[in-house]
Amino acid sequence: MTRLSDENTENLIRESLDHLATRAPDGAEIREALAERPRGRPKMALALVAAAVAIIALGVPLGLRAYTAVPPASQRNADWSVLPYKPGWLPDGFQEVSRGGKPYPAPLSRSWAGGGLGRIDLLITPLSERSAPWTIAPAPNQIIVHGKVGMATELHAGSTMLTWSPDDVYLLSMTLSDMTEPRAVGERIAEAMVPDGRARVSGELRFGRLPADLELSGVKTSVKVNGAATEVEATRAGQPTAAAVVTASLSGDRPVPDGAEPVPLKVRGLDGVYLPERAGPLGQQHGAITVQLDGGRWLTVSGKRDQAALLDVANSLQLSQGDYSWAGKPPE
């Protein structure tokens, strides 16, 4: 990234603060938004809390006017399997290893790995009337991305998260792990981030029947040692950001019994097993139906439902041809 002079940096920060003062969210809305975030993403929540604290510390009045520049309906209802941003540059050796899509307002995700060079995880979160359009940090943590102020947060040794908004529709959060000089590398990637719109999340599984109170809430595709994998999840209807109630996966990984006594049963006409809910070395595990399909891959359905419900979900799953043409490649 081009090095900015102290004077230019100060001007950019002042302009961003002035802009923030006219569009900053109400403090109560920030607290509500943070309270609604899933517990599974504490690092992101911590970064947003730090941003809110920094705004207060800098003396910016949070109650001037609620953020009302809500993305238009066409943006909210866009196909959530389409990923809107990608890095225009990554360090040599990094290849894409996973993609994830969820309905509005849950985040979309992409990840790249460089073997022993580290890992880069990108979350793309739609902005809404509950989200601040800018993330402001104390001076040592500020970054400038195309003239806008964002934040760099050191999570632990060798791991850094950068947060910024490239437009009025999305908030980007990028975590760089196990890398040398992650902040410097992250700032260069952020500057090179470009709109995508062609990349899709297209896996090999589709839900057939689901319990009446559940609906599809996410698809994730990834590349593992044992080949490509697809995971789909369902949450309670209308709660796409909540924790999954039922999850189905297709991969080369055989589920670990983890102390459960397998119960033999027929799954999709094949010999499978039911693994009861148990507390084992891996922690509390939900009940799971699993079966090895023709070709050697494992189909598994697990979640907070009884054996009969999980078996019905497993028997009605639809298998299709997934798209993994992006796997193991740098951004195109």
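The values are calculated or read from the model by the stated rules, or taken from the named source; none is laboratory data. These numbers come from a predicted model, not from an experiment. So basically every Cβ, Gly included, is an ideal-geometry build from the backbone, and we count neighbours across all protein chains shown.
Taken over the stretch 292-318, the criterion of being aliphatic (A, V, I, L, M) and either at pLDDT below 95 or surrounded by 14 or more Cβ atoms within 10 Å (Cβ to Cβ) (or both) is satisfied by L293, L299, V301, A309, L310, L311, V313, A314, L317. S222 meets the stated requirement of being within 30 Å of L293 (Cα to Cα) and either part of a strand (DSSP E or B) or modelled with pLDDT under 95 (or both). Count of the stretch 256-291 residues, restricted to those that are within 29 Å of the chain's Cα centre (by Cα), part of a strand (DSSP E or B) and loosely packed, with under 15 Cβ neighbours inside 10 Å, is 4.
When residues of the stretch 230-255 are filtered for being part of a strand (DSSP E or B) and either of a type in the set (A, V, I, L, M, F, W, C) or not assigned by TED's automatic domain parsing to the domain that holds G296 (or both), how many remain? Summing the residues that are part of a strand (DSSP E or B) and either of a type in the set (A, V, I, L, M, F, W, C) or not assigned by TED's automatic domain parsing to the domain that holds G296 (or both) in the stretch 230-255 gives 5. Here the condition is being over 19 Å from the mean Cα position of the chain (by Cα), in a helix (DSSP H, G or I) and not assigned by TED's automatic domain parsing to the domain that holds L311; of V185, V149, it holds for V185 alone. Listed by first and then second residue, the pairs linking a residue in the stretch 80-102 that is not assigned by TED's automatic domain parsing to the domain that holds T241 to a residue that is among the acidic types (D, E) and part of a loop (DSSP other than H, G, I, E, B), with Cβ atoms under 7 Å apart and 6 or more places separating them unless they lie on different chains, are L83/D196; P84/D196; Y85/D196; K86/D196. Scanning the stretch 159-186 for residues that are among the hydroxyl-bearing types (S, T, Y), in contact with a helix residue (DSSP H, G or I) (Cβ under 8 Å, 6 or more places away or on another chain) and either touching a residue at least 40 places away in the same chain (Cβ under 8 Å) or crowded, with 21+ Cβ neighbours inside 10 Å (or both) yields T160, T163, S173, T175. I189 falls short on exactly one of the conditions (1) of a type in the set (V, I, T); (2) surrounded by fewer than 18 Cβ atoms within 10 Å (Cβ to Cβ); (3) at pLDDT 95 or above, and that condition is (2). Residue count for the stretch 311-332 satisfying the condition of being in contact (Cβ under 8 Å) with a residue 12 or more places away in the chain and either polar (S, T, N, Q) or touching a His at 6+ places or on another chain (Cβ under 9 Å) (or both): 5. Being modelled with pLDDT under 95, of a type in the set (S, T, Y) and either crowded, with 21+ Cβ neighbours inside 10 Å or farther than 18 Å from W326 by Cα (or both) is a property that does not hold for T235.
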